[in-house]
Amino acid sequence: MSRREPRIVIIGAGVAGITAAHVLKKAGFTDLTVLEKGADVGGVWYWNRYPGLTCDVPSQIYQFGWAPKADWSKLWASGPEIQRYHRDVVERAGLADLIRCNVEVTSAVFDDKTGEWTVTTKGGETIPADFVLCATGVLENPAFPDIEGLDEFAGDVVHTARWDDDVVTEGKRIAVLGTGSTGVQIVSALQPGAERLTHFVRSPQWVLWAPMKLPQLPGTAAILGRLPKVHRRVYRGLLWGSGILPDIALNPNWRRKAVQGYARFSLLSQVRDRALRRKLTPDYEPLCKRQVISGTYYRAIQAPNAGLVTDAIEKITPTGIVTADGVEHPVDVIVLATGFRAHDYMRPMEITGADGLTLDKAWANGPRAYRMTAIPGFPNLFTVLGPNSPTGSISLQHSAEVTAKYLAQWIEQWSRGDVDRIEVTEEATDRFYEQVAEAMGPTVWNTGCNSWYFTEGGTIDLWPFDRKTMEQMLGEPDPVDFTLVASPSPARRVRR
Ligand code: NAP
């Protein structure tokens, strides 16, 4: 049977892009090109290099199921160790030759006549493609705060997602803005060396205590390294066990209450000063925002050289930060741990689908993708870890793998010449979002806080189902939900 080889362009070489490349290569597709704008693979683990960066998901589950590593140095690995792992996986899986770093995609345009995509890079190169897979990440575009005077500050200003090693923090008066996972990690890392560290907190977060500096249990690396079958079983066991996370997030049950109680206890047991504790107590339920985990933050913020400021920032002068109470806090370095524009996804790339429909227009009311991956109006283009991905509740490596395997099935149909143009319908996408809205009701994310989970339109951009449901929804293509067009041109149907 004749088979045509699809030209597949994957944009992004982070967790999602590496997974997609591996899955598609394993499925037998050979014309794969991965374009990565960074100088290295790794995605968030390449871009985020701030001091103290640690993954708050245990290492034995925060890895690719198809490339398990036995010898993590810690139970919770550091950013640099995770980044080394990504480089190593790419080499070992034979993906390095497919990946082109330092290549930024500026646009992707669909041609209605030929059914092809043209991907254009910043360098002016154009790459034709039959399929475009956007694996561009969620936490990719740093959010810079709009504070009067920030540009006039005379010292260093650095965003955690674009850390600059030339910025000296040792012995300096440091201001950290932001109280998410990043802010908490960097406060803990910078406080010991600072002359003074001031944490500016607009909204305190619950910080769940965990011993994140612990090494792996003795013998773990030796046993799992020597017994790959056991290692795979351990991984699957952890994946199964981590099913407790969506359960807690989705259902208001006693398990949720227990974890929330533990978050409150973490604060109560580590901060004895009542006034400080009041300042550190959020006005929403634990787990409502992406849960912050740290074994060191509460200790760091109570150190003699540290301080917490909860008064709103009014402006920044060349030498310090002025708060609403009129006090000027003199600082040498401002660290912005102010998060990301989490709903931009593929933007600022300009994506134009069928009939000239732009992504900006299609997403005017917020990002939408059927089952995290397909967008009406954009044939043969898919997202891997796109809108509504389970950030924080299900393993992202596993979710990317499930999605990539699903996409491999669609691409296989194209290869066989059964179909040329694969486009999800508006109706199926609407139906999916009705399910999402209904399932979102009782989730903990919907209990009255504001976080990066919320889109501007007020919807929650997360996966409100469990892992099994995800595996079912993306188990195999459901043709009823798609408009499928076979090529009218016999020339397109031949093997290339
Ligand atoms: P984030 O959770 O969005 O937190 C941003 C912080 O900046 C918030 O405290 C926010 O306050 C504050 N902020 C924003 N604009 C401000 C302004 N103009 N003035 C004062 N404060 C301002 O961002 P993040 O900490 O970078 O974390 C994002 C996500 O990255 C996490 O939720 C997690 O999923 C991931 N992450 C993971 C790890 C890990 O270990 N796995 C580590 C770091 C990050 P408000 O709350 O008041 O808006």
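Taking a Cβ cut-off of under 10 Å around GLY448, the surrounding Lys, Arg, Asp and Glu residues balance to a net charge of -2, with basic ones at +1 and acidic ones at -1. Amide hydrogen proximity for GLY14: with H placed 1.01 Å from N in the peptide plane, the residues at 5 or more positions away or on another chain lying under 5 Å are GLY42, GLY43.
The fewest-to-most ranking of VAL105, VAL333 by surrounding Cβ atoms within 10 Å reads VAL333, VAL105. Among beta bridges identified by DSSP and lying wholly in the chain, the antiparallel ones come to about 45 percent.
Per-residue extension of 0.36 nm, minus the Cα-Cα distance of ASN365 and LYS315, leaves a gain of 14.8 nm for this segment. Taking 4.7 Å between C-beta atoms as the pairing limit, the chain has these partnerless cysteines: CYS55, CYS101, CYS134. Exposure proxy ranking for GLU116, GLU426, based on other Cβ atoms within 10 angstrom of each Cβ and starting from the fewest, stands as GLU426, GLU116. Between GLU350 and ASP430, the FRET efficiency estimated from the beta carbon spacing at R0 = 25 angstrom works out to 0.45.
Calculate the spin-label point distance for THR469 paired with GLU116, positioning each point 7 Å from the Cα along the beta-carbon direction, and give it in nanometres. So the label points at GLU116 and THR469 sit 4.2 nm apart. The convex hull of the Cα atoms of segment 93-150, projected and averaged over all directions, covers 7.1 nm².
A cut-off under 10 angstrom between Cβ atoms defines the neighbours of GLY326, and their net charge, with Lys, Arg +1 and Asp, Glu -1, is -4.
Distance from the C-alpha centroid of segment 163-237 to that of segment 1-78: 21 Å, rounded to the whole angstrom. Between 0 and 90 degrees, the angle of helix 181-190 with respect to the longest Cα principal axis of the chain falls at about 50 degrees.
Near LEU208, the amide H atoms lying under 5 Å from its own belong to VAL292, ILE293, SER294; only residues 5 or more places off or on other chains count, and H is placed 1.01 Å from N. Taking Lys and Arg as +1 and Asp and Glu as -1, the other residues whose beta-carbon sits under 11 Å from that of TRP45 total +1. Taken over segment 351-496, the convex hull of the Cα atoms encloses 118 Å³ per residue. Separation of segment 411-449 and segment 99-135, taken as the distance between their Cα centroids, equals 24 angstrom. For ASN141, the residues whose amide H sits under 5 Å from its own are ARG341, ignoring neighbours fewer than 5 places away on the same chain, with H placed 1.01 Å from N. At 1.306 mPa s and 10 °C, plugging the Kirkwood radius over alpha-carbon pairs of segment 1-144 into Stokes-Einstein gives what diffusion coefficient in µm²/s? For these conditions, the coefficient is 98 µm²/s. As a rough footprinting exposure proxy, the listed residues ASP325, ASP461 were ranked by other beta carbons within 10 Å of their own, and the order from fewest upward is ASP325, ASP461. Sketch the reach of a paramagnetic label on SER269 as a point 7 Å from Cα along Cα-to-Cβ, and name the residues of segment 164-208 whose backbone nitrogen lies under 17 Å away. Output list for this probe position: 206-208.
Once you divide the Cα radius of gyration of the chain by 2.2 N^0.38 Å, the number left is 1.01.
Just so you know, all these numbers are worked out from the coordinates, no wet-lab data involved. Predicted, not measured: the structure shown is a model, and the values here were computed from it. All Cβ positions, glycine included, derive from the backbone under ideal geometry; neighbour counts span all protein chains shown.
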